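The values are calculated or read from the model by the stated rules, or taken from the named source; none is laboratory data. Fair warning: this is a prediction, and the values are worked out from it, not measured in the lab. Don't worry about glycine lacking a Cβ; one is built from the backbone with ideal geometry, like all the others, and counts go over all protein chains shown. Protein only, heavy atoms only, side chains kept; ligands, DNA and RNA dropped before computing areas. Shrake-Rupley method; radii C 1.70, N 1.55, O 1.52, S 1.80 Å.
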Amino acid sequence: MSNDDKAPEPQKPAYKASDHKPKDRSLAMTQSMPWLLLVVALALVGWLAYVAYWPKSEGDPTAASLSAFEKQDRLTVFSAQVTPMVTAEDSRLMGLVESRQAAVIPARVDYTLDLSSMDRNRMVWNDSERTLEVLLPALEVSAPNLDEGHAKYMREGLWIGRDAQDKLNRETTRKAEQEAIKQASAPELLALARSAAKDAVRLNLAIPLEAAGFGKVTVLPRFQGEAPPEA
């Protein structure tokens, strides 16, 4: 029989992509399941972290402000350099040996706010005007930090012994601390410190409030005895 007379061999059906779709889909879903579970787990962790750590201040700018104050605790708002000029005298041997010392001792004083005393009673929120009035605690002036390394001394006396010198130094240091506090309490410096305190509080509250979703809030700080500021 010739090759032409041979019966044609049956042809195999053509390959169709749809024949393997169910299997491929099952495999794809199996491979993607770990990633889906990971995404769900990350979303859950993110939500739990939000609930646990984000300040519970939704709709309450006063609570958000108190939360911001808690992180600050004590806020240094201003520093001033003062230069006390003081004198001290010493007398020994029934007044026969006298000595005198004048000193100019540079000093730094800090002005701080104790924010731990802040509570809701010191804040007034006006929702229609988007303003937050804040009654600040009194400014506190720190103990002077004397820079005795840059102090200048002038001494007078025929003879100044070690004991006399130590006494003169202690006396000028004590007086310099007192004088530094006195100078730091001058109305001009206190006015500068109060102004700096208000600016610091505005900055420390406006930014956290905006970040917490309250939008642009006008913070109006004032000290006891001052008239309420205008927006």
Margin query: For the stretch 114-132, give me the residue count where each residue is over 17 Å from Ala197 (Cβ atoms) and part of a loop (DSSP other than H, G, I, E, B).
Written below: 5
Notebook entry, point to check: Just wondering, is there one or more residues in the stretch 146-166 that are open to solvent by less than 60 Å² (accessible area, probe 1.4 Å), of a type in the set (A, V, I, L, M) and in contact with a helix residue (DSSP H, G or I) (Cβ under 7 Å, 6 or more places away or on another chain)?
Noted result: yes
Checklist line | Among the candidates Arg170, Arg174, Arg130, residue that is open to solvent by less than 80 Å² (accessible area, probe 1.4 Å) and farther than 19 Å from Leu93 by Cα | finding: Arg130
Item checked: Verdict on Thr62 being in contact with a strand residue (DSSP E or B) (Cβ under 8 Å, 6 or more places away or on another chain) and either more than 30 Å from Gly161 (Cα to Cα) or modelled with pLDDT under 90 (or both) -> yes
Checklist line | Close pairs from the stretch 180-194: first at pLDDT below 95 and surrounded by 12 or more Cβ atoms within 10 Å (Cβ to Cβ), partner among the aromatic types (Phe, Trp, Tyr) and outside any helix (DSSP H, G or I), Cβ under 7 Å, at least 6 apart | finding: none
Checklist line | Among (1) touching a helix residue (DSSP H, G or I) at 6+ places or on another chain (Cβ under 6 Å); (2) assigned to a helix (DSSP H, G or I), the one test that Leu135 misses | finding: (2)
Note to self: Looking only at the stretch 84-113, count every residue that is of a type in the set (Val, Ile, Thr) and either surrounded by fewer than 16 Cβ atoms within 10 Å (Cβ to Cβ) or assigned to a helix (DSSP H, G or I) (or both) and tell me the total.
What the structure shows: 3
